[in-house]
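Scroll down for the structure; my scribbles are underneath it.
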Amino acid sequence: MEKNQVVATVGNKQITQDYIQKVLSTLDPQRAMQFYSEEGKKKLVEELVNQELFYLDALTKELDQSPSFLSEIEAMKENLLKQYAINQLLKDITVSEDEVQAYYSEHKEKFVAPESVRASHILVDEEAQANEIISDINNGLSFEEAAQKHSKCPSNAKGGDLGSFTRGKMVPEFEEAAFALAVDEVSQPVKTQFGYHIIKVSEKNPSEITPFEGVKDQLTQQLVSMKQQEVYYSKVEELKTQYPVEVNI
């Protein structure tokens, strides 16, 4: 369908395919989806026609000249102008890569990735059962197979894999045991409020500083935001010397 194809006419107003696309682009993507079918497009065109009818009726009744409407227009203009002025002040603010690198070098303590482990577990209700499973593992049963067969945790479907986690993410007893294990070591039964866990660690990642490239984009945005805030409040203080301000709260 061509962009300029006219799909409806109301008075002298032509509703084109291009106009419909512009309307759709202003909608939330999930809401817009309902208008992409043929039936949805018909409903959207019908609603746009309805709105044009109300617009023409408002002009006929000269509602655009009513004091309340003009007052609303002025309020909207004022708010738009405020935001436009702020956007104009801040739109060209950037930071160089050298500035970002310098900040990173001076604040490396902020970019420390905490120690983490990747662990799997088998959760059962009784310590005796946990010990039997450990014996089976020591005799050749794979940990993953044992988890699928015996664990009551939903992670059993993944062989007990819990993924990677840092300190403070698990209950204390589990965390202490997991971080104390060596890679591929299987724990003795660990009791928590959930039952008895058999834990196996597959990865250990020591605490380390995240490389610059790993934080560069996020840090750039952060520094731009900081600089914008600084410029904003500096401008506010300058404007306070030009215009009278009185605060009574």
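The values are calculated or read from the model by the stated rules, or taken from the named source; none is laboratory data. Every value quoted in this text rests on a predicted model; they were computed, and no experiment measured them. Positions of Cβ are backbone-derived with ideal geometry, glycine not excepted, and every protein chain shown enters the neighbour counts.
Please verify whether residue 127 is charged (D, E, K, R) and in contact with a Phe, Trp or Tyr (Cβ under 7 Å, 6 or more places away or on another chain), treating the condition exactly as stated. The answer is yes for residue 127. All told, residue 71 falls short of being farther than 30 Å from residue 213 by Cα, hydroxyl-bearing (Ser, Thr, Tyr), in the same structural domain as residue 193 (by TED's automatic domain parsing) and free of Cβ contacts under 8 Å to residues at least 40 places away in the same chain.
Residues in region 98-127 that are within 30 Å of residue 218 (Cβ to Cβ) and either touching a residue at least 40 places away in the same chain (Cβ under 8 Å) or in contact with a strand residue (DSSP E or B) (Cβ under 7 Å, 6 or more places away or on another chain) (or both): how many? Counting residues in region 98-127 that are within 30 Å of residue 218 (Cβ to Cβ) and either touching a residue at least 40 places away in the same chain (Cβ under 8 Å) or in contact with a strand residue (DSSP E or B) (Cβ under 7 Å, 6 or more places away or on another chain) (or both) gives 15. Taken over region 145-179, the criterion of being of a type in the set (A, V, I, L, M, F, W, C), in contact with a strand residue (DSSP E or B) (Cβ under 9 Å, 6 or more places away or on another chain) and surrounded by fewer than 13 Cβ atoms within 10 Å (Cβ to Cβ) is satisfied by 171 alone. Only one of the numbered conditions (1) free of Cβ contacts under 8 Å to residues at least 12 places away in the same chain; (2) assigned by TED's automatic domain parsing to the domain that holds residue 227 is violated by residue 43, and that is (2).
Exactly one residue out of 224, 186, 190, 201 is among the β-branched types (Val, Ile, Thr), modelled with pLDDT of 95 or more and in contact with a Leu (Cβ under 7 Å, 6 or more places away or on another chain): that is 201. In summary, residue 214 fulfils each of the numbered conditions (1) at pLDDT below 95; (2) of a type outside the set (Val, Ile, Thr); (3) loosely packed, with under 12 Cβ neighbours inside 10 Å with the single exception of condition (3).
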